[in-house]
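As structure tokens, the structure follows; a few thoughts come after it.
The values are calculated or read from the model by the stated rules, or taken from the named source; none is laboratory data. Fair warning: this is a prediction, and the values are worked out from it, not measured in the lab. Quick reminder, even Gly has a Cβ in these numbers, built from the backbone with ideal geometry, and neighbours come from all protein chains shown.
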Amino acid sequence: MKKTGFWVLAAIVAMVYGLSFNVMAEEGLTGTEIHIGQWGPQTGPAAPWGAVARGTGDYFKWINAQGGIHGRKIVYHMFDDAYNPAKTMAGVKELQEGTGIFAWACGVGTSPGLAVRDYIRERKIPWVGPATGSSHWITPPDRNLFAVYPLYYIEAKALVRLGVEEMGFKRVAIAYLNDDYGKNGLEAARKELIAHGKKLVAKVPVELKDQDMKPHVMKLRQSKADMVLLWVGPVHAARLVGTAKAMKFAPQFMSTSTCSDFPLMMHITKGLFQGVITASFAEMPDSDLPLMQKYKKEVYEKFAAKDERWGVFYYAGILFVEPLVEALKKAGRDLTREKLIFELEKLKGFRGIGGELSYDIYNPKNGYKSRGGMREIFLVQCMEGGKAKKLTDWMRIQYP
Amino acid sequence: MLDFMQMIASGIAVGSTYALMGIAMVIIYKTSEVPNFAQGEMALISSFFAFMLLDQYGLPYHLAFAAALIFSILLGFFLEFSILRRAKEPNVLGLIVITIGIEMILLGLVSWKFGADPKSMPFPISPWESFAIGNVFVSQLEMLTLVVALIIMVILFVFLRYSKLGVAMKATQQNHIAARIMGIRTNRIMMITWGISSFVGCVAGLLIAPTTMQPFMMWDPLLKGFAAAVMGGMTSLPGAVVAAYLLGIIENLFGGYVSIEFKSAVAFAIIVLVLCIKPSGLFARHYIKKV
């Protein structure tokens, strides 16, 4: 009888503990695993940006090879959304409700990100480093969403200032991808030009599936622009620069950091990208920064697929999750989503392979300070052979 | 006026690519009444095959392109023989779904083998160097595309009209059973048709690839070629060609004078319009089959 009583008691204790463990455990977190999710276009027109998700994956492999974080391995769930917001939503829902994700990392594209933002916010899941510099992430801010990528807004401001103030261009036009990403650049350029007493002489939208760029270049040429901002993807930028060459239209092209992978751009434009100026949020591929060298040697050379290239999109996948990994380390073994957010908020002046980054206590009225992430960029010019010439050092631009 | 002339020239230039894709679709449709939605990816894989020979094996242009064209013909033969012909009790809808399936498989193959990064196809002519006629610019590649498209059209026209094989293809299209009774090996005709169509598509692919090469590069030309084929009448080769050039010009004029945002949508608006007003297309004769 005594024995039976003992077993009943043991069973009750086990059930209570088991239940309490289940109740207390975070979704996507076990004693040995942290489940992190990410989407990224591996196919379709935005596929060149797909290297971001692969870079993150290799970085996590490297962390796991060193024993993980506080005894837990990162289980990385990446899916191809083809830059299609409907697919992003379907994939995020499937992983969140099927597998259970502890936190989301990066995610290429403003439109795909916007498609899942409410869903992630409603479930209070941390999301760190959307791979896009849209101001949507901080206006208004979400408590769970931590931007890393510097705003396109400050990139556009910096480029316009360089062009108008230092290079003396009088007529500025823009070709922009007709989505939130492109419209962010358009809006920032428009505002910065107004501040300089000017306005855009042409605003030319480019649709994602457009291939023939002649009509677009004709509009730019008609405007007699001497400086053209390209707020498009790498393939469209290549086609625009090439078509402009074919139509004997030669303004100074400037572009966003999304087209700053110069070796790639030089390759696909057959050398025409030389001279183009872009913003940059990360060190150059041949940087002698010790951390860059370390990532190249230990992450890229050991874990990257055979045909993967050490380009800016690839190591941006590492850069965007550096704050997440730092906060996971600081949160310790008793990890919860709340602790992760707490540790992220404590990051001040953090620097990995990008510009300086800081967060603060959540403040709905000041998204830029509390959730804005990186505030520094620098400007570079594409030179012969895809080499980059730094035109400025890391610089801070006031926002808004 | 200068802009207008440039738009017309640009429209004709881009229309040549649409025309090649339109012809490739019409050739198969004429014999099987199936729009082949794998056409773009058949051209894609052949173009990447040429790229592989040039980039990885260092073959000279003429050998790599010739090998790609032969590959495309064999691919057409293979797909018809091993997949389309095996369809049990085939109906048009089923065959269309099969072509969509082939399209997905070929796209997946190219993405897996060559990755998603854009590539640059080595080509003897620069896509970005142009001829200037007054102040109207046409790139060297566009000029080559125009010439090649016209040559292929003439060859195909003569072939289908005067060669024994061409007449057999026509007979197969008009009445499959009667053609068989008359001794035409219709299965073989179908296979050859797929081979020719794949060859024409490959030519288009090779002429598109030097601009930028990536797995989705044939989507737009395929859709525009299909739109041109529908507009011209799915069974009329000259119809598809004329419609392709019209489409290129309309697109450019629309982009220049009305809205650049909806430039690409014009093709599909035209499909809807043509299907509503003249379902058989602008240039095809409307046949009514006797039961």
Checklist entry - Condition test on B:ILE102, is it away from every other protein chain (no Cβ under 14 Å) and either closer than 21 Å to B:THR212 by Cα or in contact with an Asp or Glu (Cβ under 9 Å, 6 or more places away or on another chain) (or both)? => result yes
Next on the checklist: Exactly one condition in (1) at the interface with another protein chain (Cβ under 8 Å from one of its Cβ atoms); (2) within 19 Å of A:THR278 (Cα to Cα); (3) crowded, with 24+ Cβ neighbours inside 10 Å is false for A:VAL241; which is it?
Outcome noted: (1)
Item to check | Those residues of segment A:83-105 which are at pLDDT 95 or above, within 18 Å of the chain's Cα centre (by Cα) and not aliphatic (A, V, I, L, M), in sequence order | outcome: A:THR88, A:TRP104
Item to check | Options A:LYS224, A:LYS209; residue that is touching a Phe, Trp or Tyr at 6+ places or on another chain (Cβ under 9 Å) and among the charged types (D, E, K, R) | outcome: A:LYS209
Item to check | Selection within segment B:106-140 - in a helix (DSSP H, G or I), of a type outside the set (D, E, K, R) and touching a residue at least 60 places away in the same chain (Cβ under 8 Å) | outcome: B:LEU106, B:LEU107, B:LEU109, B:VAL110, B:SER111, B:PHE114
Next on the checklist: For the structure I just gave you, tell me whether A:GLN66 is touching a Cys at 6+ places or on another chain (Cβ under 6 Å), outside the structural domain of A:MET265 (by TED's automatic domain parsing) and at pLDDT 90 or above.
Outcome noted: no
Checklist outcome for this item: Just one listed residue, out of B:GLU251, B:GLU261, is touching a residue at least 24 places away in the same chain (Cβ under 8 Å) and among the charged types (D, E, K, R), and it is B:GLU251
Checklist entry - Which of the residues that make up segment A:197-213 are within 14 Å of A:ALA175 (Cβ to Cβ), more than 7 Å from chain B (Cβ to nearest Cβ) and assigned to a loop (DSSP other than H, G, I, E, B)? => result A:LEU200, A:VAL201, A:LEU208, A:MET213
Next on the checklist: I need a count of the residues in segment A:45-73 that are under 20 Å from the mean Cα position of the chain (by Cα) and not in a helix (DSSP H, G or I).
Outcome noted: 2
Next on the checklist: Given the criteria crowded, with 17+ Cβ neighbours inside 10 Å and at pLDDT 85 or above, does B:ALA149 qualify?
Outcome noted: yes
Checklist entry - Out of curiosity, is A:VAL164 in contact with a strand residue (DSSP E or B) (Cβ under 8 Å, 6 or more places away or on another chain), assigned to a helix (DSSP H, G or I) and more than 14 Å from chain B (Cβ to nearest Cβ)? => result yes
Checklist entry - Given A:SER260, A:SER280, which one is away from chain B (no Cβ under 14 Å), under 30 Å from B:ILE125 (Cβ atoms), polar (S, T, N, Q) and in contact (Cβ under 8 Å) with a residue 60 or more places away in the chain? => result A:SER260
Item to check | Count - residues of segment A:221-234 that are within 11 Å of chain B (Cβ to nearest Cβ) and surrounded by fewer than 24 Cβ atoms within 10 Å (Cβ to Cβ) | outcome: 2
Checklist entry - For the subset of segment A:56-76 comprising residues that are under 16 Å from A:LYS294 (Cα atoms) and of a type in the set (Ser, Thr, Tyr), which member is surrounded by the most Cβ atoms within 10 Å (Cβ to Cβ)? => result A:THR56
Next on the checklist: Scan segment B:259-273 and tell me whether some residue there is of a type in the set (A, V, I, L, M, F, W, C), in contact with a strand residue (DSSP E or B) (Cβ under 9 Å, 6 or more places away or on another chain), outside any helix (DSSP H, G or I) and surrounded by fewer than 23 Cβ atoms within 10 Å (Cβ to Cβ).
Outcome noted: yes
Next on the checklist: Kindly evaluate A:ASP210 against the criterion of being of a type in the set (D, E, K, R), more than 22 Å from the chain's Cα centre (by Cα), modelled with pLDDT under 90 and outside the structural domain of A:ALA131 (by TED's automatic domain parsing).
Outcome noted: yes
Next on the checklist: Considering only segment A:261-277, I want to know if a residue exists there that is aromatic (Phe, Trp, Tyr) and within 27 Å of B:ASP55 (Cα to Cα).
Outcome noted: yes
Checklist entry - What helices (runs of 4 or more DSSP H), lying completely within segment A:265-366, carry at least 2 residues that are in contact with a strand residue (DSSP E or B) (Cβ under 9 Å, 6 or more places away or on another chain) and buried (at least 16 other Cβ atoms within 10 Å of the Cβ)? => result A:312-319, A:322-331, A:337-345
